[in-house]
Amino acid sequence: MLTKKTRVPAKKKSTRKSAANQRKQPSQERSRETVAVILEAAARILESRGLEGYNTNAVAEKAGVSIGSLYQYFPGKDALTIALILSFEEELLHAVKTAIAASQHDTLTQALQCIVRALYGAHIHRAALNVVLEAEEQRLQQHIPEKTETLASLVATLLRKHRQYLRVPFKEAVQDTITISRAMVDAALRQGLTAAAAERRTVRALTAYLFWQGQTDSASPTNQKR
């Protein structure tokens, strides 16, 4: 759900930028532990209460730290939310990158299965939190820094390797693979599908799109020699 390069660029607003950015990065182990405790407290409040009751005072109380300690690192709740979004994106990219690396000798269909499994696994973990973060990402997108490695860049690397089997333009294939996966994973979570069912239906949608035009059995990626 939360993926860079799939965000629609928004016009800059006159909101205070300082309130949305983490104030400083922890350099010592104790500081890193404090930040981790604060972020976990923020995550739990969003999971249990949603945005209602989500504020810096509540997070500080939940974390067991003073409000002054919290403000050393996060000037406001938006900065906390952005830190959670970036943490999720990092976990998501790591899961997808690992899946692609593990499937480098597989067919494209098999590789897609691995990616979908990784996406679903990342989203089903703390699903209630991810739903809130996705909504907040749209509001805060102009404050969220871009990274060089994105879901789009990982998918592009995979599809480029199997480009000869695609029956749609490459750029569209990359964008639509992400869009279809995102929509199918969201639907699977809402419907409470099992991981196996979600994976099967998502891969079916992807392959039907990517190989839709006159694909013969002999050329099908499912029949590629390994």
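The values are calculated or read from the model by the stated rules, or taken from the named source; none is laboratory data. These numbers were taken from a predicted model, which means no experiment stands behind them. Because the Cβ atoms are built from the backbone with ideal geometry, glycine has one as well, and the counts that use them run over all protein chains shown.
Taking the condition more than 28 Å from residue 37 (Cα to Cα), under 19 Å from the mean Cα position of the chain (by Cα) and in contact (Cβ under 8 Å) with a residue 40 or more places away in the chain, does residue 132 pass? Against the criterion (more than 28 Å from residue 37 (Cα to Cα), under 19 Å from the mean Cα position of the chain (by Cα) and in contact (Cβ under 8 Å) with a residue 40 or more places away in the chain), residue 132 does not qualify. When the range 47-60 is filtered for residues that are surrounded by 15 or more Cβ atoms within 10 Å (Cβ to Cβ) and either under 23 Å from residue 124 (Cβ atoms) or among the acidic types (Asp, Glu) (or both), the ones remaining, listed by number, are 47, 54. Does residue 119 count as touching a Ser or Thr at 6+ places or on another chain (Cβ under 7 Å) and assigned to a helix (DSSP H, G or I)? In short, yes. If you check 80, 70 for being modelled with pLDDT of 95 or more, touching a Phe, Trp or Tyr at 6+ places or on another chain (Cβ under 9 Å) and surrounded by 18 or more Cβ atoms within 10 Å (Cβ to Cβ), only one passes: 80.
One line per residue, one yes/no per condition, for (1) out of contact with any Asp or Glu (no Cβ under 9 Å at 6 or more places or on another chain); (2) among the acidic types (Asp, Glu); (3) closer than 19 Å to residue 128 by Cβ; (4) modelled with pLDDT under 95:
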residue: 149; (1), (2), (3), (4): yes, yes, no, yes
residue: 170; (1), (2), (3), (4): yes, no, no, no
residue: 174; (1), (2), (3), (4): yes, no, no, no
residue: 177; (1), (2), (3), (4): yes, no, no, no
residue: 184; (1), (2), (3), (4): yes, no, no, yes
residue: 188; (1), (2), (3), (4): no, no, yes, yes
residue: 199; (1), (2), (3), (4): yes, yes, no, yes
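Scanning the range 136-174 for residues that are of a type in the set (Lys, Arg) and in a loop (DSSP other than H, G, I, E, B) yields a count of 2. Across the range 52-67, the number of residues qualifying as modelled with pLDDT of 95 or more and either part of a loop (DSSP other than H, G, I, E, B) or not small (Gly, Ala, Ser) (or both) comes to 11. Is it the case that residue 164 is surrounded by fewer than 20 Cβ atoms within 10 Å (Cβ to Cβ), in contact (Cβ under 8 Å) with a residue 24 or more places away in the chain, out of contact with any helix residue (DSSP H, G or I) (no Cβ under 8 Å at 6 or more places or on another chain) and not hydrophobic (A, V, I, L, M, F, W, C)? No: the conditions fail for residue 164. Return the residues of the range 28-46 that are modelled with pLDDT of 95 or more and among the charged types (D, E, K, R); say none if nothing qualifies. Once the filter is applied, which keeps residues that are modelled with pLDDT of 95 or more and among the charged types (D, E, K, R), the range 28-46 yields 40, 44.
When each of 206, 193 is tested for being surrounded by 12 or more Cβ atoms within 10 Å (Cβ to Cβ), under 19 Å from residue 164 (Cα atoms), at pLDDT 85 or above and among the aliphatic types (A, V, I, L, M), the lone residue that passes is 206. Condition first: part of a helix (DSSP H, G or I), more than 18 Å from the chain's Cα centre (by Cα) and among the aromatic types (Phe, Trp, Tyr). Can you find one or more residues in the range 76-99 that meet it? No; the residues of the range 76-99 include none that is part of a helix (DSSP H, G or I), more than 18 Å from the chain's Cα centre (by Cα) and among the aromatic types (Phe, Trp, Tyr).
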